[in-house]
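> Have a look at this one.
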Amino acid sequence: MRISVSNENKPILIASLFIVVILLAGTVYTLSTAGTAPLLSPKYLLQQLQTGSFLGICAAGMMMVILLGHIDLSIPWTLTAAAMTATAVGGEMALPTALAVGIAVGMLNGFGVAFLRIPSMIFTLGVDTVLRGLMVAQTGGFAPQDTATPLMLFLAKDRLLGIPVALFVWAAVSVFIIVMLTRTGFGRSIYATGSREGAAYLSGIRTRLVTMGAFVVSGLCASIAGVLLAGYSAKAYQGMGNAFLLPAIAAVVLGGTHILGGRGRYIGTLIGVILIVLLNSVLSIMQMPEAGRQIIYGTVIIAMLLVYGRNQRVTS
């Protein structure tokens, strides 16, 4: 009996198999060295997913942009600016201020890419640099002295029914993205615009507004991740978002979203995030030196992208 797997599901299946391999490899290693298997512990897995929620939310926003065939390189300092501004304002206005920063950056990125027709890689990188300069000017180049608000601490560190609240936030963002992509005209317009923008425009889709909307969602997700990360660290600090850009892009692409747009499912991005989180966790358990960790991390990503790229060339 032959089981056929659609091309859209192949990346998801491959990423899922990689997760199983990583779990098995990490379990065998820890059993042979320490006699325990922390990777199989629900408590340990929840802890890893709690810290992985920051990456997962960033990847959710990044997927919206990549589905259009664009890229958002302003995520690191959008996240940082939202967190630093929120902790500086403090009080009840901290969270609205952070979300406003994300929306404003998203609108600026969307305007530059959709209306000024500047390549997204160039424009968003420029916006990222401007945000970095603004935050350095605001703090004088030092970490701000302000601390996270009680609400930020609750969202990032507390638990409900034994489950980290951060996971509930990630789940809410995930449901929002899934519903948007599968149940709304805006989601269908994103896929159509990403597949062929000219044809989408001729069919009556307001492609510029669609592009702007996708960048707004990306900026909003980055700001939410910034709020959570500031709450988890109990403060905001310079460059706190730098570690999330490449993993966010990798998670989206490893999950099967076409880097040139028009094709991808959010479940794939979700699995891609889990893969990256578990891979980093296993390498940390193995006490792998930073150089070796980067080599293995990059090799896994490149190998999977080569497999995906080959499948896409064969089917195109």
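The values are calculated or read from the model by the stated rules, or taken from the named source; none is laboratory data. Please read these numbers as outputs of a predicted model, since none were measured by experiment. Positions of Cβ are generated from backbone atoms using ideal geometry, with glycine treated the same way; all protein chains shown enter the neighbour counts. Side chains included, ligands, DNA and RNA excluded: accessible areas come from the protein's heavy atoms. Shrake-Rupley method; radii C 1.70, N 1.55, O 1.52, S 1.80 Å.
> Work out the P(r) tail for the range 25-166: percent of alpha carbon pairs separated by more than 22 Å, whole number.
When every Cα pair of the range 25-166 is considered, 54 percent fall beyond 22 Å.
> Now for a separate question. Quick one: what are the phi-derived ³J(HN,Hα) couplings along the range 76-92, Karplus 6.51/-1.76/1.60 with θ = phi - 60°, whole Hz, x for glycine and proline?
x, 8, 5, 4, 5, 5, 4, 5, 5, 5, 5, 5, 6, 6, x, x, 6
> Once amide H atoms are built 1.01 Å from N in the peptide plane, which residues 5 or more positions from Arg159, or in another chain, come under 5 Å H to H?
Answer set, sorted by chain and number: Val165.
> Over the Cα atoms of the range 26-71, how large are the radius of gyration and the largest Cα-Cα distance (Dmax), in Å?
When restricted to Cα atoms, the range 26-71 yields Rg and Dmax of 16.3, 48 Å.
> On to the next question. Run the reach check for Lys43 against aspartates and glutamates, Cα to Cα strictly under 15 Å, same-chain hits fewer than 8 apart removed. What comes back?
Asp158
> Let me ask you something else. Tell me what the chain gives for mean residue ellipticity at 222 nm when only DSSP H runs of n ≥ 4 count, each as -39,500 (n - 2.57), the sum divided by the residue total, rounded to 500 deg cm²/dmol.
-24500 deg cm²/dmol
> Could you run the Karplus curve 6.51 cos²θ - 1.76 cosθ + 1.60 with θ = phi - 60° over the range 146-163 and give me ³J(HN,Hα) per residue in whole Hz, x for Gly and Pro?
6, 10, 5, 7, x, 5, 5, 5, 5, 5, 8, 10, 6, 10, 10, 6, x, 10
> Pick from Lys157, Lys235, Lys43: which residue has the top mean-square fluctuation in a GNM of the chain where Cα pairs under 10 Å get a spring?
Lys43
> Roughly how many percent of the accessible protein surface of the chain is carbon and sulfur, given a 1.4 Å probe and a whole-percent answer?
Within the chain, the accessible surface is 68 percent carbon and sulfur.
> Find the accessible area per residue for the range 164-278; the probe is 1.4 Å, ligands and nucleic acids are left out, and the unit is Å².
38 Å²
> So what does the Cα-only Debye profile of the range 178-283 read at q = 0.17 Å⁻¹, as log10 I(q)/I(0), no solvent term?
For the range 178-283, the Cα-only Debye profile gives -0.92.
> Something else: Considering all alpha-carbon pairs of the range 106-193, what whole percent are spaced by more than 16 angstrom?
In whole percent, the share of Cα-Cα pairs in the range 106-193 beyond 16 Å is 74.
> Now, a different point. Roughly how much of Val89 is accessible, in Å² to the nearest 10, using a 1.4 Å probe?
80 Å²
> Something else now. Report relative contact order for the range 137-238 in percent, whole number only (criteria: Cα-Cα under 8 Å, sequence separation at least 6).
Once normalised by length, the contact order is 46 percent.
> Mind checking the full-extension length gain between Ile163 and Ser284? Use 0.36 nm per residue of separation minus the Cα-Cα distance, one decimal, nm.
Gain on extension, Ile163 to Ser284, equals 41.2 nm.
> Related question: Using only the Cα atoms of the chain, what do you get for the radius of gyration and for Dmax, in Å?
19.7, 67
> Further question on the same structure: Suppose each label sits 7 Å from its Cα in the direction of the beta carbon; what would the Ile295-Arg263 distance come out to in nanometres?
Between Ile295 and Arg263, the label points sit 3.4 nm apart.
> List the residues of the range 66-84 whose backbone N lies under 16 Å from a point placed 7 Å from the Cα of Thr184 along the Cα-to-Cβ direction.
66-68
> Sticking with this one: Tabulate in residue order the Karplus-calculated ³J(HN,Hα) for the range 97-108, using 6.51 cos²θ - 1.76 cosθ + 1.60 with θ = phi - 60°, rounded to whole Hz; enter x for Gly and Pro.
Once θ is set to phi - 60°, the couplings for the range 97-108 become 5, 4, 5, 5, 4, x, 5, 4, 5, x, 5, 5 Hz.
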